[in-house]
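Engineer: Submitted below is the structure of interest, expressed as structure tokens.
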Amino acid sequence: MAEHILYSFRRCPYAMRARLALAISATRYEVREIRLSAKPAAFLEASPKGTVPVLRGGEGEVIDESLEIMRWALEANDPDGWLQRDDPEMIDRCDTMFKHHLDRYKYPERHGSDPLAHRDAGLSFLHELNSRLKNASNLRGEALGLADAAIMPFVRQFAAVDGNWFETQPLLALKTWLARHLASDLFDRVMFRVSPWAEGNLPLIVDGWHLARDE
């Protein structure tokens, strides 16, 4: 049995970045994949706001913000020095300004928005990232860090809205950075597919990078 429980949703960029930090920190946890259209009672009891990811710790504590989960995991074990390559200001701009435009570009019907106007507004942030990546392999230097893991899932989502259009953009450094991370063993390991969790299921344990059913 795992000490910690993570409520997750595979495609959610917030959940992706939490899983990346949990993997690199070799945190052992039970993963519970949530169907967002049918949220189980245990999940809503842990976090009534009903958004993923949510981490329930061994002492009953609940962390329901993805960046807090990342930093919690890395403060416990940070073998690759991710915390040394944090960038709170850039991450905040990703989570506020860029995410605002991303949502209205991807889901214009939900927001009554002009998707092309929001695409262009979001693109300005990608040009900033591209300029930084012209000088180093990652956002805070040559090595992967917390800033990369926190921002990459949202860039991935933006790029996927219209892949043909994205490929025409003069963002070579950004595209190289994104492709490298999407092809990495780390990303592959955290994008495991599991069935939605239900009360009474045998626990699915993630131990570092390994997924196994707890007998």
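The values are calculated or read from the model by the stated rules, or taken from the named source; none is laboratory data. Quick caveat: nothing in here was measured; it's all calculated off a predicted structure. With ideal geometry, Cβ positions are generated from the backbone for all residues, glycine too; neighbour counts draw on all protein chains shown. In case anyone asks, the SASA skips ligands and DNA or RNA and just uses the protein heavy atoms, side chains included. Shrake-Rupley method; radii C 1.70, N 1.55, O 1.52, S 1.80 Å.
Engineer: State all residues of region 120-147 that are in contact with an Asp or Glu (Cβ under 9 Å, 6 or more places away or on another chain) and open to solvent by less than 40 Å² (accessible area, probe 1.4 Å); if no residue qualifies, say none.
Structural biologist: Matches in region 120-147: Ala136, Asn138, Leu139, Gly145, Leu146, Ala147.
Matching residues to (1) closer than 19 Å to Cys94 by Cβ; (2) modelled with pLDDT under 95:
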| residue | (1), (2) |
| --- | --- |
| Phe125 | yes, no |
| Leu144 | yes, no |
| Met152 | yes, no |
| Glu167 | no, no |
| Leu182 | yes, no |
| Leu202 | no, yes |
| Asp207 | no, yes |
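Engineer: If Met70 meets every condition in (1) closer than 20 Å to Asp207 by Cβ; (2) open to solvent by 20 Å² or more (accessible area, probe 1.4 Å) apart from one, which number is that one?
Structural biologist: Every listed condition holds for Met70 apart from (2).
Engineer: Given the residues Arg32, Arg19, Arg56, which is the only one that is open to solvent by 40 Å² or more (accessible area, probe 1.4 Å) and either within 14 Å of Val190 (Cβ to Cβ) or among the basic types (Lys, Arg) (or both)?
Structural biologist: After ruling out the rest, the residue left standing is Arg56.
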